[in-house]
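Report on one structure; see the data block that follows.
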Amino acid sequence: MKDFKVLLINCNTMLDTLVTAGIGILSASLKNTGCDVRLFDTTFFRTAERTGDEARTAALQVKKTNFKEFGIEPDEGDVVEEFVKVVESYKPDLIGLSCIEVTWPLGLELLKAVRHTGIPTIVGGAYATFGADIIIRQPAVDMVCIGEGEQALTELCQKMRAGEDITAIHNIWIKQNHLLYTRIGIFTTSGAS
Ligand code: B12
């Protein structure tokens, strides 16, 4: 499946430097099935007034950390512009956004910025799992993954690549032609597109 390209987005809060387990598992699973995978990571872009650690320091949760001492400073590039450049040069077959509720607004901004390309999008993670109905309403979102994603995403990619039906994959809600396909039924998406 090397000819099937997936761009994963680690939509992270600024300078929270832990790589999420979810992204790692998804990337490994996709690579095991032969997909070409790239990661766009928002961690090192200046996407907020203060870092997660600064917020936690203010809340007396952690001791102050000086990232500069470790040679870590936010990238000065604009996160949305850089993302558009990556999408336009890599030309993925699928864009997979991983986010939590606090990073969803940024993730949505990224997806909106590349909607003109027509590349299918899927959103997963803790927020997608319990806020799927909110996320799927966005015109820039085609699919939502509810719960574990490794099997769902690999099956989705295999089926997309083979041109097969993708409307009945476990854990995935999919919007197609104004209909929403879920495991519990098919719904009309009036108001969404
Ligand atoms: C470990 C953890 C942390 C760690 C490490 C975070 C990290 N970056 O790795 C620390 C302590 C640093 C942390 C910090 C925070 N956390 Co936290 N954390 C967790 C915890 C306990 C487990 C997450 C995890 O690794 N799960 C295991 C992986 C394998 O599962 P996963 O991430 O869900 O991914 C799977 C699926 O969701 C899906 N999936 C994920 N992404 C995608 C993308 C696509 C395209 C697809 C198809 C599928 C998919 O497939 C994956 C594999 O099956 C969860 C609670 C929970 N039980 O999930 C809270 C949780 C995610 N954290 C939460 C919060 C709020 C935070 C903080 C904002 C707290 C704070 N105020 O500082 C910060 C944010 C930091 C950040 N930038 O992410 C909330 C998010 C709630 C929400 N509304 O979205 C949770 C759900 C806890 C809760 N119940 O409130 N956290």
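Spelling out what I want: for every residue of segment 3-17, take phi, set θ = phi - 60°, compute 6.51 cos²θ - 1.76 cosθ + 1.60 (Karplus), and round to whole Hz; glycine and proline get x.
7, 10, 10, 10, 9, 8, 10, 8, 8, 10, 6, 4, 6, 8, 8
Under the rule of at least 5 residues apart or a separate chain, name every residue whose amide H is placed under 5 Å from the amide H of residue 75.
Here the answer is 45, 46, since their amide H atoms fall under 5 Å of that of residue 75.
Please compute the contact order of segment 5-150 in relative form: average sequence separation of alpha-carbon pairs under 8 Å and at least six residues apart, divided by the residue count, as a percent.
With pairs under 8 Å counted, the relative contact order is 26 percent.
Using the alpha-carbon atoms, what tilt in degrees (0 to 90, nearest 10) does helix 21-32 show relative to the longest principal axis of the chain?
With rounding to tens, the tilt is 50 degrees.
If one takes the longest principal axis of the Cα atoms in the chain, at what angle in degrees, from 0 to 90 and to the nearest 10, does the Cα axis of helix 150-162 lie?
Between the helix axis and the principal axis of the chain, the angle is about 50 degrees.
Based on the Cβ-Cβ distance from residue 76 to residue 126, what FRET efficiency comes out when R0 is 45 Å, to the nearest 0.05?
The formula returns an efficiency of 0.90 here.
Ratio of Rg to Rh for the chain, alpha carbon only, Kirkwood?
Dividing the radius of gyration by the Kirkwood radius yields 0.99.
Hey, rough spin-label estimate for residue 65 and residue 33, points 7 angstrom out along Cα→Cβ, what's it come to in nanometres?
Reported label-point gap for residue 65 and residue 33 is 3.4 nm.
Could you tell me what percent of the DSSP beta bridges with both partners in the chain are antiparallel, to the nearest 5?
If we restrict to bridges inside the chain, about 35 percent are antiparallel.
Based on the mean of other Cβ atoms within 10 Å per residue, sort peptides 21-28, 137-144 so the most packed one is first.
137-144, 21-28
For segment 87-166, just say rounded, prolate or oblate: build the C-alpha gyration tensor, square-root its eigenvalues into a ≥ b ≥ c, call rounded for a/c under 1.5, and beyond that prolate if a/b exceeds b/c, oblate if not.
Taking the square roots of the gyration eigenvalues as a ≥ b ≥ c, segment 87-166 is oblate.
Mind listing the Cα extents of segment 32-111 along all three principal axes, in Å, largest one first?
Per principal axis, max minus min of the Cα coordinates gives 44, 28, 25 Å.
How large is ³J(HN,Hα), in whole Hz, for each residue of segment 172-183 in order, when computed from phi with the Karplus curve 6.51 cos²θ - 1.76 cosθ + 1.60 and θ = phi - 60°, using x for Gly and Pro?
Running phi through 6.51 cos²θ - 1.76 cosθ + 1.60 with θ = phi - 60° gives 10, 9, 9, 9, 8, 6, 6, 10, 10, 9, 9, 5 Hz.
Using just the helices of the chain, give the 222 nm mean residue ellipticity in deg cm²/dmol: DSSP H runs with n ≥ 4 each add -39,500 (n - 2.57), and the total is spread over all residues, rounded to 500.
-9500 deg cm²/dmol
How many Lys pairs in the chain lie less than 16 angstrom apart by Cα atoms, where the lysines are 8 or more positions apart or on different chains?
Taking the chain as the scope, the lysine pair count is 11.
Enter the angle in degrees (range 0 to 90, nearest 10) between the Cα long axis of helix 104-113 and the first principal axis of the Cα atoms of the chain, meaning the one along which they spread out most.
60
No lab work stands behind these numbers, since they all come straight from the coordinates. Not measured: the values here are computed from a predicted model. Cβ sites come from the backbone with ideal geometry, for glycine too, and all protein chains shown count toward neighbours.
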